[in-house]
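Data first, discussion second: the structure below is written as structure tokens.
The values are calculated or read from the model by the stated rules, or taken from the named source; none is laboratory data. Given the structure is predicted, the values throughout are model-derived calculations rather than measurements. Here the Cβ is made from the backbone with ideal geometry for all residues, glycine too, and neighbour counts use every protein chain on show.
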């Protein structure tokens, strides 16, 4: 990737989201209510910590803490339901067939998913919005729920800046079920690609 990066859009909710031309995105999307409220507030505080001037360091710290809590399987664990996990993997493949994204790696964990992809026909915010809407509607149908939030409002995203970083992200995603103690080898986890 060249040193000059063209920003397509930048927006901020609780988390900042930065879309760049030809970006490759590592996204973590967690279930609503997958973290205790106090933990979610503490995590948000990391991003606004005035003592740490470097945004990238704050972002990495946020992600490390988020992952630590998610791996502990707090809150709702709807994604461990085989029908829902299978639907999520199918949704990832379906959106790829539509040309919305090109996924290099993805994994469905009990309370969150990780995906590493390059956007296709849709930009980052649109592909995430559509994916979240589709999978939430289907998961709530499977669970027999109506009108209840399934995913968190936002997602954590990071755009990769090098081929070496790409390799690290893909390795991280594939080894996530092993790190969480769910399987002994990445290839033993059924809900990854």
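Within the set of pairs 6+ apart or on separate chains, which have a first residue in the stretch 146-174 that is farther than 25 Å from residue 32 by Cβ, a second that is modelled with pLDDT of 90 or more and exposed (fewer than 12 other Cβ atoms within 10 Å of the Cβ), and C-beta atoms under 9 Å apart?
174/187
If you scan the stretch 160-188, which residues turn out to be surrounded by 19 or more Cβ atoms within 10 Å (Cβ to Cβ) and either on the phi > 0 side of the Ramachandran plot or not in a helix (DSSP H, G or I) (or both)?
Answer for the stretch 160-188, where residues must be surrounded by 19 or more Cβ atoms within 10 Å (Cβ to Cβ) and either on the phi > 0 side of the Ramachandran plot or not in a helix (DSSP H, G or I) (or both): just 160.
Residues of the stretch 111-143 being within 24 Å of residue 168 (Cβ to Cβ), in a loop (DSSP other than H, G, I, E, B) and touching a residue at least 40 places away in the same chain (Cβ under 8 Å), which ones?
Of everything in the stretch 111-143, just one residue is within 24 Å of residue 168 (Cβ to Cβ), in a loop (DSSP other than H, G, I, E, B) and touching a residue at least 40 places away in the same chain (Cβ under 8 Å), namely 111.
Counting only residues that are part of a helix (DSSP H, G or I), under 19 Å from residue 168 (Cβ atoms) and at pLDDT 80 or above, how many does the stretch 16-59 have?
Residues flagged as part of a helix (DSSP H, G or I), under 19 Å from residue 168 (Cβ atoms) and at pLDDT 80 or above within the stretch 16-59 amount to 1.
Counting only residues that are outside any helix (DSSP H, G or I), touching a strand residue (DSSP E or B) at 6+ places or on another chain (Cβ under 9 Å) and modelled with pLDDT of 95 or more, how many does the stretch 67-99 have?
The total comes to 0.
Is it the case that residue 105 is buried (at least 16 other Cβ atoms within 10 Å of the Cβ), under 19 Å from residue 79 (Cβ atoms), without any contact (Cβ under 8 Å) to a residue 40 or more places away in the chain and within 15 Å of the chain's Cα centre (by Cα)? Steps first, answer last, please.
Values: buried (at least 16 other Cβ atoms within 10 Å of the Cβ): yes; under 19 Å from residue 79 (Cβ atoms): yes; without any contact (Cβ under 8 Å) to a residue 40 or more places away in the chain: no; within 15 Å of the chain's Cα centre (by Cα): yes.
For residue 105, the condition - buried (at least 16 other Cβ atoms within 10 Å of the Cβ), under 19 Å from residue 79 (Cβ atoms), without any contact (Cβ under 8 Å) to a residue 40 or more places away in the chain and within 15 Å of the chain's Cα centre (by Cα) - is not met.
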